[in-house]
């Protein structure tokens, strides 16, 4: 791979343009999927390491990044169809699918919907998200608690300052700042807005509410790797629920295994890119 990578492009799929970052490389094709309200650039620190041994492409899913932003098609069947047609259009046969957060659920859905066409599945702190299984939640409550923040009259510099003081503060670098700032565009009035609109964000949250990974796991035919992140104990009751979801995935995936990423925040590809790439490359080797 040379300094010319990544190469950026867009391809028409299902009536919209899907933007992607092509990291080149040779070997097992790897398609990288980002999480909710993110973009393909979250893999920028991981992808070049993968491309030393694999053919690597990162995709902006519909509504995100540089891809088209229609007001429809945010259900899992449609998004999975986008991904399948994308890898087919690029001639990527039997790809390994890796998804972060919501992207992990999308990758899982692809593996089940298109059996035999996915060689392996990597779910990075995602894939096990089953919102409706939380016993104290209704959709009405979830729709309030999971609504995206309203930015109002906030500049991109102010958003970046918040990022500098967030969970990624200990790991912050100009490159990470650039990656996260790329989640936003600036209006003519100079205010920052997320690339994913609030309306489309909530359509995805609703799809996540209806998504039942626990019913999909037994139908995954390919090897699967679940990489949940675990921060130092905070006595958060949600941690027990997350652990139960991960245990369920390990129990029900026919060819699945779990590697807990300790002392790790949700944004694994930004915090621990080298560790993540090494785990993924080892997994890809096992598929040969």
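The values are calculated or read from the model by the stated rules, or taken from the named source; none is laboratory data. Small disclaimer: the values here were computed from a predicted structure and weren't measured. Virtual Cβ from ideal backbone geometry, glycine too; neighbours counted across all protein chains shown.
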Inside region 226-246, can you point out the residues that are loosely packed, with under 13 Cβ neighbours inside 10 Å and touching a strand residue (DSSP E or B) at 6+ places or on another chain (Cβ under 9 Å)?
232
For region 37-53, how many residues meet the condition of being in a loop (DSSP other than H, G, I, E, B) and either at pLDDT below 95 or crowded, with 24+ Cβ neighbours inside 10 Å (or both)?
3
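Counting only residues that are part of a helix (DSSP H, G or I) and free of Cβ contacts under 8 Å to residues at least 60 places away in the same chain, which one in region 165-177 is nearest to the chain's Cα centre (by Cα)?
Restricting to residues being part of a helix (DSSP H, G or I) and free of Cβ contacts under 8 Å to residues at least 60 places away in the same chain, the top hit is 177.
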Residue match in region 80-99 (condition: modelled with pLDDT of 95 or more, in a loop (DSSP other than H, G, I, E, B), under 10 Å from the mean Cα position of the chain (by Cα) and in the same structural domain as residue 218 (by TED's automatic domain parsing)):
no
All positions within region 179-191 that are closer than 13 Å to residue 152 by Cα, out of contact with any helix residue (DSSP H, G or I) (no Cβ under 7 Å at 6 or more places or on another chain) and surrounded by fewer than 16 Cβ atoms within 10 Å (Cβ to Cβ)
187, 189, 190
Give the residues of region 192-224 that are out of contact with any helix residue (DSSP H, G or I) (no Cβ under 7 Å at 6 or more places or on another chain), part of a helix (DSSP H, G or I) and either farther than 30 Å from residue 162 by Cα or at pLDDT below 95 (or both), sorted by residue number.
210, 215
Looking at 188, 267, 210, 244 in this structure, which one is without any contact (Cβ under 8 Å) to a residue 60 or more places away in the chain and in the same structural domain as residue 73 (by TED's automatic domain parsing)?
244
Does region 35-47 include one or more residues that are more than 17 Å from the chain's Cα centre (by Cα) and free of Cβ contacts under 8 Å to residues at least 60 places away in the same chain?
no
Inter-residue pairs, beta-carbon under 8 Å, first surrounded by fewer than 24 Cβ atoms within 10 Å (Cβ to Cβ) and in region 92-106, second in a strand (DSSP E or B), 6+ apart
92/29; 92/31; 92/55; 92/57; 93/29; 94/29
Since residue 188 meets every condition but one in (1) over 26 Å from residue 145 (Cβ atoms); (2) touching a strand residue (DSSP E or B) at 6+ places or on another chain (Cβ under 9 Å), which condition does it not meet?
(2)
State which residue is surrounded by the fewest Cβ atoms within 10 Å (Cβ to Cβ) when the search covers only region 119-154 and only residues that are farther than 19 Å from residue 205 by Cβ and modelled with pLDDT of 95 or more.
119
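Answer yes or no as to whether residue 66 is in a loop (DSSP other than H, G, I, E, B) and either crowded, with 24+ Cβ neighbours inside 10 Å or assigned by TED's automatic domain parsing to the domain that holds residue 176 (or both).
No; evaluated as a whole, the condition is false for this residue.
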